Amino acid sequence: MIPLQVGQSAMTAGRTIGEGDVNLFAGLVGDFTPIHVDETFARTSPHGTRIAHGPHSMATAIGMATHTGLFGERVIGLVNISWDFSGAVKIGDTVRSRVTVEEVRPTSKPGRGLATYGFEVLNQRDEQIQRGRMKVIVRLDDKAEAGQ
């Protein structure tokens, strides 16, 4: 495992969000809101077309971040997510995210820590479309990972 250090940052690969992704997510969670699945309706919206579900884009950003080496086998469980949505993801948009380790501190259980990761989600034009923070319980290799 790569030791976690506050300030450590990684950029994920990009992922283009397709029609199949949106339809699959709608079916998986049961959210068939017309802005996501009805192009005729969506053309009348401020976006002018269908957009991906906000939680789908958030989950995609987190999922892509698992390939950066900042998570992996160290993650024990999710504690909290705080996320802001400032832009829409249209079908055909490519998203990627910058993930930064913001804090790592030991917990009361030996060998465990609470890690906070910051996310900045960007589209293909490098516009920030989402920003969030995720806290997870992690395994710590040693006290150096907790910033001590």
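The values are calculated or read from the model by the stated rules, or taken from the named source; none is laboratory data. All figures in this text were calculated on a predicted structure; none of them were measured in a lab. A quick note on method: Cβ atoms are made from the backbone with ideal geometry, for glycine too, and the neighbour counts reach across all protein chains shown. Heavy atoms of the whole protein, side chains included, go into the accessibility calculation; ligands, DNA and RNA do not. Shrake-Rupley method; radii C 1.70, N 1.55, O 1.52, S 1.80 Å.
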statement: By the mean-Cβ-within-10 Å protection proxy, highest first, 68-80, 114-126 rank as 114-126, 68-80
field: Accessible area expressed per residue, the chain, with surrounding protein chains retained (probe 1.4 Å, Å²)
entry: 53
- prompt: Farthest toward the dipole's positive end in the chain, which of Phe85, Leu114, Ala65, given Cβ charges of +1 (Lys, Arg) and -1 (Asp, Glu) about the Cα centre?
  reply: Leu114
- request: First obtain the Kirkwood hydrodynamic radius of region 48-102 from its Cα pairs, then insert it into the Stokes-Einstein equation at 10 °C and 1.306 mPa s, and state the resulting D in µm² per second as a whole number.
  value: 123
- line: On the formula 1/(1 + (r/R0)^6), with r taken between the Cβ atoms of Thr40 and Asn80 and R0 of 35 Å, the FRET efficiency rounded to 0.05 is 0.35
statement: Here the convex hull volume per residue of region 10-58, taken over Cα atoms and given in Å³, is 90
task: With everything on Cα atoms, drop me the angle between helix 19-29 and the longest principal axis of the chain, reported from 0 to 90° to the nearest 10.
output: 70
- prompt: To the nearest 10 degrees, how steep is helix 54-65 against the longest Cα principal axis of the chain, on a 0 to 90 scale?
  reply: 40
- request: Can you send over the carbon and sulfur percentage of the accessible area for the chain, probe radius 1.4 Å, protein chains only?
  value: 52
query: Can you pull the Rg over Rh of the chain, Cα-only, Kirkwood?
result: 1.06
Overall dimensions of region 13-92 as given by Cα atoms, namely Rg and Dmax in Å: 14.4, 46
- request: Please give the FRET efficiency for Arg125 paired with Asn23, using the beta carbon to beta carbon distance and R0 = 25 Å, rounded to the nearest 0.05.
  value: 0.55
